[in-house]
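Enquirer: Here you go, one structure.
Values in this text are rule-based calculations from the coordinates and carry no lab data. Just so we're clear, the structure is a prediction, and the values are computed from it rather than from any experiment. Cβ coordinates were reconstructed from backbone atoms using ideal geometry, including for glycine residues, and neighbour counts include every protein chain displayed.
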Amino acid sequence: MGNQSGNLLTAIDVGSAKTCVLVAEIAESGLRYRGHGVTESRGSRKGVIVELDKAVASIQRAVEQAEDVAGAAIEHALLGVAGSHARGVNTHGGISFGTRAREIGRDEIRMAVEKARAIPLPADREILHLLPQEFILDEQSGVRDPLGMMATRLEVRVHMVTAAASATQNVITAVNRAGVHVDDTVFEPLAGADAALRADERELGVCLADLGAGSTSLIVFQDGAVAHTGVVPIGGDHFTSDLSVGLCTPVNEAERIKKLYGNAIVTLVPEGNEVEVPSVGDRPSRLISQRMVGEILEPRARELFEMLRDNLRHAGMLDLCSGGIVLSGGASRLPGTLEIAESVLRRPVRLSWPTPLAKMPSTLAEPEYVTVLGMVFYGHRARTARGHQQDHWGSKLKAMFVGKGA
């Protein structure tokens, strides 16, 4: 992270539903809340900018709100990247030193990682993260950090997160035009894990699924390292759209009905309850059974978690999630979601309540703010690990080793 006014750290999450800016101060005792701003997102959908001017205006409003609360100008920020264009892949590489063992230094680690990353990628892809899973020294696997150890051959297994270069650049451009320089980008579930997951869960095997408005991003940890990342193209907006179509009501009214009366399990809704549904055009409102709302939402909820299950199963990860599934994001708040997830995934499921910052308002201690809070924690760890190094690759390499089991 670059130097910021008053030793501040700023994270920006440009989502499909809301844009959130969070400012934290680095104090001797750790991170402390300074301010935040939240606005309705305009011009972005499913992690992609679709109308630049509207996206810039949304970001500017959120930044101005955060500046007012923090009492400081925001000039630099860490930016979250997510959406259906993000991809993860596991890869492997290594180097040999000849017949005589030698001490492994940072240069040797860097060369091994370079070998692992040397796989063909489409022209429009860029690497967001290189995340070592384990090092192998002369066929001895499971090494977390080989620095200073001896070997004749060093191998590394790496999880590589890539994104569409144009989609990422468009979000960066929107933030830059809002008057903020993007110091670095981070895959949002990776950052969210810092605020949502416990060390024992990462070791045992856990999946964090961030149910956003446009899509659901996921990350799996096994033995403290990232084993898998992916995206399911269903989010909270799909539930709202289903209600809008099924009830013949405007989208904003469907969103209100979902939040007030929605339930992902029909049988949890009391019989006889009725909901007033505004109609489109000049037609009068109607009264419908609240169970009808559940009848529309439940199939979509099951579809989401069936797709999540299939994603994990196809990657060979479902059986590794002994620590269960952790849900974050605004769409995870829909009543009945945990029960549906457990019945489909056959794993324990919990809702994520983020680790709070000192002096943070209680309104931020909610699943929908897990990502932006995690980004602040991630940014702080990365800044500390880099030690203010100016060499870009060197700092990137150091950051890869930070907090794998934190």
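Enquirer: For a Förster distance of 35 Å, can you work out the FRET efficiency between the beta-carbons of residue 241 and residue 114, rounded to the nearest 0.05?
Expert: Working from the Cβ atoms, E equals 0.20.
Enquirer: So, one more: First select every other residue whose beta carbon is under 13 angstrom from the beta carbon of residue 301; then total the charges, Lys and Arg +1, Asp and Glu -1.
Expert: Neighbour charge sum, excluding residue 301 itself: -2.
Enquirer: Moving to a separate point now. Which value, in Å³ per residue, describes the convex hull spanned by the Cα atoms of segment 87-163?
Expert: About 82 Å³ per residue, rounded to a whole number.
Enquirer: May I pose another question? Using C-alpha positions alone, give me the convex hull volume of segment 298-375 per residue in cubic angstrom.
Expert: 100
Enquirer: Just for the chain, what percent of DSSP beta bridges are antiparallel, to the closest 5?
Expert: Approximately 80 percent, going by the DSSP bridge assignments.
Enquirer: Where in segment 175-276 are there GluC sites (Glu not before Pro) that are in a DSSP coil and have at most 11 other Cβ atoms within 10 angstrom of their Cβ?
Expert: 271
Enquirer: With just the Cα atoms defining each centre, how far is segment 34-100 from segment 246-288? Give it in Å.
Expert: Segment 34-100 and segment 246-288 have Cα centres separated by 34 Å.
Enquirer: While we're on this one: Among 258/359; 18/359; 18/115, which pairs are too far apart, with a Cα-Cα distance over 29 Å?
Expert: In this structure, 258/359; 18/115 exceed 29 Å between Cα atoms.
Enquirer: Calculated FRET efficiency, residue 276 and residue 69, Cβ-Cβ r, R0 56 Å, to nearest 0.05?
Expert: FRET efficiency, residue 276 to residue 69: 0.95.
Enquirer: Just to be sure I understand: with springs between alpha-carbon atoms less than 10 Å apart, which residue in 280, 269, 370 has the highest mean-square fluctuation in the Gaussian network model of the chain?
Expert: 280
Enquirer: Pick out which of 21, 349, 245 has the largest mean-square fluctuation in a Gaussian network model of the chain, springs linking Cα atoms closer than 10 Å.
Expert: 245
Enquirer: Working from the alpha-carbon coordinates of segment 1-156, get Rg over Rh, Rh being the Kirkwood radius.
Expert: Computed over Cα atoms, the ratio is 1.13.
Enquirer: Just to verify a number: FRET efficiency for residue 127 and residue 147, C-beta to C-beta distance, R0 = 22 Å, to 0.05?
Expert: For R0 = 22 Å, the calculated efficiency reads 0.45.
Enquirer: A further question follows. How big is the equivalent ellipsoid of segment 221-300 along its three axes, where each semi-axis is √(5λ) from the Cα gyration tensor, reported in whole Å from largest to smallest?
Expert: Semi-axes, largest first: 32, 16, 8 Å.
Enquirer: Take the Cα coordinates of segment 119-234, assign each an equal point scatterer, and use the Debye formula without solvent to give log10 I(q)/I(0) at q = 0.21 Å⁻¹.
Expert: For segment 119-234 at q = 0.21 Å⁻¹, log10 I(q)/I(0) is -1.23.
Enquirer: By its C-alpha gyration tensor, with a ≥ b ≥ c as the square roots of the eigenvalues, how is the chain shaped: rounded for a/c under 1.5, else prolate for a/b larger than b/c, else oblate?
Expert: Prolate is the answer for the chain, as a/c is 1.5 or above and a/b outweighs b/c.
Enquirer: Let me ask you something else. Summing Lys, Arg as +1 and Asp, Glu as -1, what charge do residues with Cβ under 15 Å from the Cβ of residue 319 carry, residue 319 excluded?
Expert: Net charge around residue 319: +2.
Enquirer: Please compute the modelled spin-label separation between residue 140 and residue 32, points set 7 Å along Cα→Cβ, answer in nm with one decimal.
Expert: 4.6
Enquirer: In terms of modelled amide H atoms, which long-range or inter-chain residues lie less than 5 Å from the amide H of residue 31?
Expert: Those qualifying (amide H under 5 Å, at least 5 residues apart or on another chain) number zero.
Enquirer: Still on this structure, I have one more. If each residue's Cβ is checked for other Cβ atoms within 10 Å, how do 131, 211 rank with the fewest at the top?
Expert: The most exposed by this proxy come first: 131, 211.
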